[in-house]
Amino acid sequence: MKLPVIIHKAPNGKIQSIEYSPGGSEVALTELHAISPDQLPWEGVTDFQRRVYRELMTVPAGTTVSYQELAARVGNPNGARAIGHAVARNPFLFVVPCHRVIKSDGGLGGFACGLEVKKRLLAFEAGRGAF
């Protein structure tokens, strides 16, 4: 599966941000998932966001985690709303798989690229369709 993205890099080659863009270069999702946390610039990201993003990178493809469960996993069991805010500000789309975060009732919640893209990504990762 390939996604149209624009990868912004710093002069030192580190990734600054990744944005979904229909006019962007086609990059394989597996290539994006292979990027390690050490390759990401954490400057400008709060400690809480960093904990959330690193934890999200441990959620396997084909699975999901609720905002509430993710909050508990990063040590803030009552912080589902804070998780939502951190996920909404994710500068590393697809590398930090924020599309895998859903509501406790199974609803999709939100996604910066739109809910249709989120549905298609989740279905693809679960082996239930093509992107």
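Computed from the coordinates by the stated procedures, all read-outs in this text should not be read as laboratory data. Only a predicted model underlies this, so the values are computations on that prediction, with no experimental measurement involved. Positions of Cβ are generated from backbone atoms using ideal geometry, with glycine treated the same way; all protein chains shown enter the neighbour counts.
Taking L93, L29, L56 in turn, the Gaussian network model of the chain (Cα-Cα springs below 10 Å) assigns the largest fluctuation to L29.
A straight Cα-to-Cα reach below 20 Å connects K103 with the lysines K118, K119, residues fewer than 8 places away in its own chain not being considered. Length gained on full extension, R89 to A123, computed as 0.36 nm times the residue gap minus the Cα-Cα distance: 9.9 nm. Which residues among region 86-122 fall inside the zone where the amide N is under 15 Å from a point 7 Å beyond the Cα of E43, along Cα→Cβ? In region 86-122, the label zone of E43 (backbone N under 15 Å from the point 7 Å along Cα→Cβ) covers no residue.
As a proxy for reagent exposure, C98, C113 were ordered by neighbouring Cβ count within 10 angstrom, fewest first; the result is C113, C98. Using the Stokes-Einstein relation with a Kirkwood hydrodynamic radius computed over Cα pairs, the translational diffusion coefficient of region 26-78 at 37 °C and a viscosity of 0.692 mPa s comes to 263 µm²/s. If you plug the beta carbon distance of E116 and A82 into 1/(1 + (r/R0)^6) with R0 = 25 Å, you get a FRET efficiency near 0.40.
Between Q16 and H8, K9, A10, the built amide H atoms are under 5 Å apart, and every one of these is 5 or more places off in sequence or on another chain. Taking a straight Cα-Cα cut-off under 18 Å and skipping sequence neighbours fewer than 8 places away in the same chain, the aspartates and glutamates within cross-link reach of K14 are E31, D38, E43.
Taken over the alpha carbons of the chain as equal point scatterers, the Debye sum produces base-10 log I(q)/I(0) values at 0.17, 0.18 Å⁻¹ of -0.89, -1.00. With contributions of -39500 (n - 2.57) from each DSSP H run of at least four residues, the per-residue ellipticity at 222 nm computed over the chain stands at -9000 deg cm²/dmol. Can you list the residues of region 25-46 with backbone N under 17 Å from a point 7 Å past the Cα of H8, pointing along Cα to Cβ? 25, 40-46, by backbone N distance to the label point.
Cβ-Cβ distance of S17 and S104, R₀ of 25 Å, FRET efficiency by 1/(1 + (r/R0)^6): the value works out to about 0.30. Residue exposure proxy: R89, R128, R73, ordered by other Cβ atoms within 10 angstrom of their Cβ from fewest to most, comes out as R128, R89, R73.
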